[in-house]
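Novice: Just dropping this structure here.
The values are calculated or read from the model by the stated rules, or taken from the named source; none is laboratory data. This structure is a prediction, so every number in the text was calculated from the model and none was measured. Because the Cβ atoms are built from the backbone with ideal geometry, glycine has one as well, and the counts that use them run over all protein chains shown. All accessible areas refer to the heavy atoms of the entire protein, side chains included, with ligands and DNA or RNA removed. Shrake-Rupley method; radii C 1.70, N 1.55, O 1.52, S 1.80 Å.
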Amino acid sequence: MPTLSSLTESLSRLASAETLRRAWSLLRHAPGGGVLMGQILGNLAPYTGTIHPEVLTLEEGYARVRMRDRRRVRNHLRSVHAIALMNLGEVATGVAMMSALPEDMRGIITHLEMDYLKKARGPITAECRAPTAVPGERREYHVQADLTDEQGEVVARARAHWLIGPATH
């Protein structure tokens, strides 16, 4: 079984949709596999790791990612902090978008906005569907992630613009 550091190293070197999906196919049925996948994402993008994301589902162009409610992500109102929610929205849009990329394509976020609809308490799950990028074409894609609480109520909505284009080596 590959180690976390070897998977992270492979993913960062070969960061493509295929390697992302391959790592998930190895981890999704393993005990704690979603947490391990979240740790890999956190190692690739260290700030992402601050919310300890757990990948629940990852398919081409689709991601569900959960964040537990814990003291480190709370604000003074004892609800999940706005920036922790923003981080979760960015993770979900990024993983969904990156999993839909053709080989030799890469992306970077250019705009992120969030609507906060109600206080977020308890575990929060972000869900995002992203289109498949056109091979070889440089353009911006707009994707949305809905963040829901345990009751299924939308507590926040993230909208992200991802600039996708050919990878330069």
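Novice: Using only the heavy atoms of the protein chains and a 1.4 Å probe, how would 127, 54 rank by accessible area, largest first? Provide the component values of the computation, followed by the final result.
Specialist: Numbers: 127 85, 54 45 Å².
Listed by decreasing accessible area, they come as 127, 54.
Novice: As I understand it, the dipole of the stretch 60-120 uses +1 on the Cβ of Lys and Arg and -1 on the Cβ of Asp and Glu, about the Cα centre. Which of 73, 62, 98 lies farthest toward its positive end?
Specialist: 73
Novice: More than 27 Å apart: what percent of Cα pairs in the chain qualify? Before the final figure, lay out each step's value.
Specialist: Numbers: 3039 of 14196 pairs.
That tail contains 21 percent of the Cα-Cα pairs.
Novice: With the full set of protein chains in place, find how many percent of the accessible area of the stretch 13-160 is carbon and sulfur; take the probe as 1.4 Å. Can you show the working numbers first?
Specialist: Details: 3810 of 7750 Å².
Here it works out to 49 percent.
Novice: Continuing with the same structure: Could you sort 70, 138 by accessible area so the largest value comes first, with the probe set to 1.4 Å? It would help to have the intermediate numbers written out before the result.
Specialist: Values: 70 40, 138 175 Å².
Largest accessible area first, the list is 138, 70.
Novice: Provide the net charge surrounding residue 158, with neighbours chosen by a C-beta distance below 11 Å and charges set as Lys +1, Arg +1, Asp -1, Glu -1. Let's see the in-between values first.
Specialist: Values: positive: 157, 159; negative: 90, 113, 115, 127, 146.
It works out to a net charge of -3.
Novice: Under unit Cβ charges (Lys, Arg +1; Asp, Glu -1), what dipole magnitude, rounded to 20 debye, does the stretch 19-169 have relative to its Cα centre? Spell out each step's value before the answer.
Specialist: Numbers: 20 positive and 16 negative charges, 121 e Å.
The calculation lands at about 580 debye.
Novice: Same structure again: Mind ranking 108, 124 by accessible surface for me, highest first, 1.4 Å probe? Walk me through the intermediate numbers first.
Specialist: Working: 108 105, 124 0 Å².
In descending accessible area the options line up as 108, 124.
Novice: Leaving out ligands and nucleic acids, note down the accessible area per residue over the chain with a 1.4 angstrom probe, in whole Å².
Specialist: Details: 9010 Å² over 169 residues.
Ligands and nucleic acids excluded, the figure is 53 Å² per residue.
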